[in-house]
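Engineer: First the structure, which I've put down as structure tokens, then a few questions once you've had a look.
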Amino acid sequence: MTHEAAGVPTTRNDDDRQDHDRQHEQPGRPADAPAETAPAGAPAAGAADTGTAEAGAASPTTAEATTAEAGTAEAGGAGGGTAGGAGGGSAEQARPEARLAHAVRVAEQALIEFEIAVETFRVEVENFSRLHHQRLGPMYARLDELDAQIAEARAARTGDPEDLRKAQEARAIVMPMPGVDELFHDWMDSDGLSPEASAMLTEQPVRPPKRVRPTEEARKLYRELARKAHPDLAQDEEERARRDEFITRVNAAYGRGDEALLKELAQEWAAGPAAPEAELGEADELYARLNWLTQRKELLTVLAQELEQSAIGAMLRMAPDDPDHLLEEIADQLLGEVSQRETELAGLVQ
């Protein structure tokens with residue numbers, strides 16, 4: 001990402017322009033004076049990109065939260081500077097409203113990066129939960145059945161009332177009365193109907209995720225689309241509705257790791273109507289925007305903490321580099337436990 005893309009004025013640091021500056025020094029300015037720079041506190045070029053370059057590799061309340069904090073911190077203090085504080089900038093750039101508008105843009109980009117990180121982690125939590133249930137659920141059920149059979153065999157051998165009670169409890173675990181959550185486990189997720197349920201109701205093919213973490217190419221496509229089409233960049237309600245609908249499809253494709261569909265969506269966005277240039281208002285509107293950005297960041301921070309503190313989130317934090325391999329490790333452990341239970345049961349029924 002260039003300085004221009006990040007909304008930060010470029011610095012005069014190439015050799016040709018420096019030679020030109022030395023030949024046309026302003027009166028009274030020392031020859032070794034520093035070149036013009038961005039306002040204090042502006043992030044370096046590419047700072048937003050590096051904050052979530054590997055957003056799926058770690059929980060989102062670490063580097064990404066710091067990025068969002070930096071953006072809103074600059075935004076919060078931008079309006080207090082004096083005109084001319086930019087040191088040689090144009091009169092428009094030196095206006096407090098212009099500096100505040102720059103800070104709003106920085107805060108918007110920081111918030112979007114944070115949202116990308118949180119959504120990336122949420123997708124991995126959802127995928128890990130779904131694949132954990134699909135792949136390992138039968139193994140857990142087998143272990144419960146073996147535990148019940150072992151307890152029943154032991155009770156039959158000893159006739160002890162305590163062993164009989166334990167056998168009854170073990171059997172109750174195998175065949176519990178299902179509750180609402182269990183009945184709708186495969187139909188509901190944190191967003192309502194699961195993708196599988198929605199697909200069946202709309203007669204679309206069911207496409208569950210193939211792995212916890214989408215491919216690197218899918219992750220790259222998702223980040224680029226989220227940065228371009230994020231609803232927070234909309235200038236009116238009609239544009240926000242268009243972006244909301246589009247980004248919902250992007251999130252769904254990313255959740256399934258559908259790289260081909262993400263490429264199609266990238267082409268669709270590129271061929272669509274050009275997004276209007278953002279026109280930020282004066283001080284009152286800018287401060288209202290900053291306030292909204294701050295509140296949005298706080299809500300996202302709470303969501304990120306809830307994801308991290310969930311059982312699946314805690315498991316993912318144990319294997320931030322390769323969550324898919326973690327599923328394989330758990331499966332191997334469960335197979336070992338099944339083998340041990342079967343050996344124990346064989347010894348009791350002989």
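The values are calculated or read from the model by the stated rules, or taken from the named source; none is laboratory data. Remember, predicted model here, so these are calculated numbers, not experimental data. Cβ placement follows ideal geometry from the backbone for every residue including glycine, while neighbour counts extend to all protein chains displayed. To get the accessible areas, we keep the full protein, side chains included, count just its heavy atoms, and leave off ligands, DNA and RNA. Shrake-Rupley method; radii C 1.70, N 1.55, O 1.52, S 1.80 Å.
Engineer: Under 7 Å between Cβ atoms, at least 6 apart or on separate chains: pull out the pairs that start in region 285-312 with a residue that is more than 13 Å from residue 115 (Cα to Cα) and buried (at least 17 other Cβ atoms within 10 Å of the Cβ) and end on any residue that is of a type in the set (Lys, Arg) and modelled with pLDDT under 90.
Structural biologist: 308/317
Engineer: How many residues are of a type in the set (Gly, Ala, Ser) and either in contact with a Phe, Trp or Tyr (Cβ under 8 Å, 6 or more places away or on another chain) or open to solvent by 20 Å² or more (accessible area, probe 1.4 Å) (or both) if we restrict to region 139-152?
Structural biologist: The qualifying residues number 1.
Engineer: Looking at (1) part of a helix (DSSP H, G or I); (2) loosely packed, with under 12 Cβ neighbours inside 10 Å, which is the only condition residue 274 fails?
Structural biologist: Of everything listed in (1) part of a helix (DSSP H, G or I); (2) loosely packed, with under 12 Cβ neighbours inside 10 Å, residue 274 misses just condition (1).
Engineer: Further question on the same structure: Can you say whether residue 307 is aliphatic (A, V, I, L, M) and within 30 Å of residue 147 (Cβ to Cβ), as far as the supplied structure shows?
Structural biologist: No.
Engineer: A further question on this structure: Can you name the number of the only condition in (1) touching a residue at least 40 places away in the same chain (Cβ under 8 Å); (2) exposed (fewer than 15 other Cβ atoms within 10 Å of the Cβ); (3) more than 30 Å from residue 214 (Cβ to Cβ) that residue 344 fails?
Structural biologist: Status for residue 344: all satisfied but (2).
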